[in-house]
1. Under 6 Å between Cβ atoms, at least 6 apart or on separate chains: pull out the pairs that start in the stretch 308-325 with a residue that is part of a helix (DSSP H, G or I) and basic (Lys, Arg) and end on any residue that is crowded, with 18+ Cβ neighbours inside 10 Å and modelled with pLDDT under 65.
2. Can you give me the number of residues within the stretch 461-494 that are open to solvent by less than 60 Å² (accessible area, probe 1.4 Å) and either within 13 Å of Gly513 (Cβ to Cβ) or over 42 Å from the mean Cα position of the chain (by Cα) (or both)?
3. Name every residue in the stretch 465-485 that is more than 17 Å from Leu502 (Cβ to Cβ) and in contact (Cβ under 8 Å) with a residue 40 or more places away in the chain, in order of residue number.
4. Considering only residues that are modelled with pLDDT of 95 or more and either of a type in the set (S, T, N, Q) or closer than 19 Å to Phe166 by Cβ (or both), which ones fall in the stretch 29-56?
5. I need a count of the residues in the stretch 47-66 that are of a type in the set (Asp, Glu) and surrounded by fewer than 16 Cβ atoms within 10 Å (Cβ to Cβ).
6. When you go through Arg195, Arg250 one by one, which is the residue that is in contact (Cβ under 8 Å) with a residue 60 or more places away in the chain and more than 22 Å from Arg88 (Cβ to Cβ)?
7. Any residue in the stretch 358-372 that is part of a strand (DSSP E or B), open to solvent by 10 Å² or more (accessible area, probe 1.4 Å), touching a Lys or Arg at 6+ places or on another chain (Cβ under 8 Å) and modelled with pLDDT of 90 or more?
8. Which one is least open to solvent (accessible area, probe 1.4 Å) among residues in the stretch 373-394 that are more than 23 Å from Glu460 (Cα to Cα) and assigned to a loop (DSSP other than H, G, I, E, B)?
Amino acid sequence: MAAGAPPDALGRRVCCGTDYGTVRYVGTVARTAGIWLGVEWDDPQRGKHDGSYEGTQYFKCRHPKGGSFIRPNKANFGVDFLTAVKDRYGLDDKQDVQYGTGSTVIFGTKTVEFIGMDSVAEQQRQVQLNKLVDISVRECAVSHAGQEEEISRTCANMRHINLFFFLISSWETVIAIASHFFYLETLNVSENKMRFPSTSTSTSSAFSNLKILALNQTEITWTEVLLCAQGWPVLEELYLSSNNITVLERPDNVLQTLKLLDLSDNQLLDGNQLHLIAQLPSFHCFLVTLFLGFFSKMFPSLKRLAINDIFFSQWSSINELDKLPSLRALQCNNNPFTDTEKNPETLIQLIIAKISQLEVLNNCEILPAERRGAELDYRKIFGKDWLEAGGHWNPEKNKPSEEFLAAHPRYPTLCLKYGAPEEGELKGRQPLTLKNQLLTLTIKCPEKPEQKPVEKKLPESMTIQKVKGLLYRLLKIPGSDLKLSYKSSKLEGKEVELDNDLKPLQFYSIESGDCVLVRW
């Protein structure tokens, strides 16, 4: 093979500085001397051509400017796994105390002889490696397994391995590395553009205990997933984001233990294909890009869902999520429908009000007071639309249109829960002027009768912390000692605590005329 390039260079992953690519050609190039590597770069801007030079096509690229030629000595083909681990965790031979030849140790310039020191040092390094359970050698340019016997001898206890963004060229390399870790439970090999088997192969025992596997941005297809899955007998979580997966097939006799599947940022040609995997017996979490109308009927056991960076432009998609009876946690960021609400607090309230069973939104727990406030606000904001669509306080005359119920399917339930909105509550969506945001509130100190009630106009966006600052100026009591709550004529006999200093007044659905109670 070419001088300066490993014998198996063709098809290998390489890096050159901060740029990564795949070797597509090894050999000579017309009108030049020596050996060249033809590289297809991950970032096409790094390239110069499509693999051709002076009319000769040496290799092919997916992008017309994605390829270029480099000398073999400019390419980094990576290191073996164990070398990367030792370098990453400082377990190599480069210590302040340097081991010399034979049985000597060099302290600075002085050589001292020790009997058996080499074997003792090696045993100490092996003990250190054997203690490692969770390792990450991210971006350490691992490309191959290396000395397999030494891996088995020194790293047997590893359970969680991160091989993210390496120079791994094939799934066989991953198997070669993983086969030495009997207790392996978590493996991340994302962003390694590797080759996967295209036909059924003998099942490896390398992943017999693997529960979590991340294959994001590896260019794997669903067919290849099913072929490899024969070796994942107890897998519970599988991450396949950004792989251009377009077609699904039924997973027969594989993935039967799967609980979570991430297919986000994959362009499925037909969302109805999801019925092919909907009946997996242990399945309860999906992270996916799709239309939700049919989705809510397929996954009655779904508990967690992420719909980040997805092209949902209508609130009707969120309405569908209320039909998922087991849904408890939702991640929902960077979707076009969120642009309809400029106020992030209002956006959160709308999502909470539309999904009755939700307990966690964007990794934040939904407290009972937050849900009540969101549902009360929703009921008020769309009250005028409800009346105009045929809604009425008299149950016999209450006949909202089908269009309104389609847009606000939970509205009748909220009216039953809190009562139909009164005329004074139907403020609708008003422009965000300061006048419309001011609340007229009565401030009382129920345990200090000598303190006379005070009436104040406060912005509904004012946080509880700032309200306490205002009260400090009035009462000369430190805000940290104050406990606030409020009463409303619409919530007879109930007193609601204002227990989160970072939340605004509107979070608690406080209205003009309500009474804020101050205690210390």
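The values are calculated or read from the model by the stated rules, or taken from the named source; none is laboratory data. All of these numbers come straight from a predicted model, not from anything done at the bench. All Cβ positions, glycine included, derive from the backbone under ideal geometry; neighbour counts span all protein chains shown. Quick note on the areas: whole protein, heavy atoms, side chains included, nothing else; ligands and nucleic acids left out. Shrake-Rupley method; radii C 1.70, N 1.55, O 1.52, S 1.80 Å.
1. none
2. 5
3. Leu475, Ile477
4. Those that are modelled with pLDDT of 95 or more and either of a type in the set (S, T, N, Q) or closer than 19 Å to Phe166 by Cβ (or both): Leu37, Val39, Glu40, Trp41, Ser52, Thr56.
5. The qualifying residues number 1.
6. Arg195
7. Within the stretch 358-372, one or more residues are part of a strand (DSSP E or B), open to solvent by 10 Å² or more (accessible area, probe 1.4 Å), touching a Lys or Arg at 6+ places or on another chain (Cβ under 8 Å) and modelled with pLDDT of 90 or more.
8. The qualifying residue least open to solvent (accessible area, probe 1.4 Å) is Gly391.
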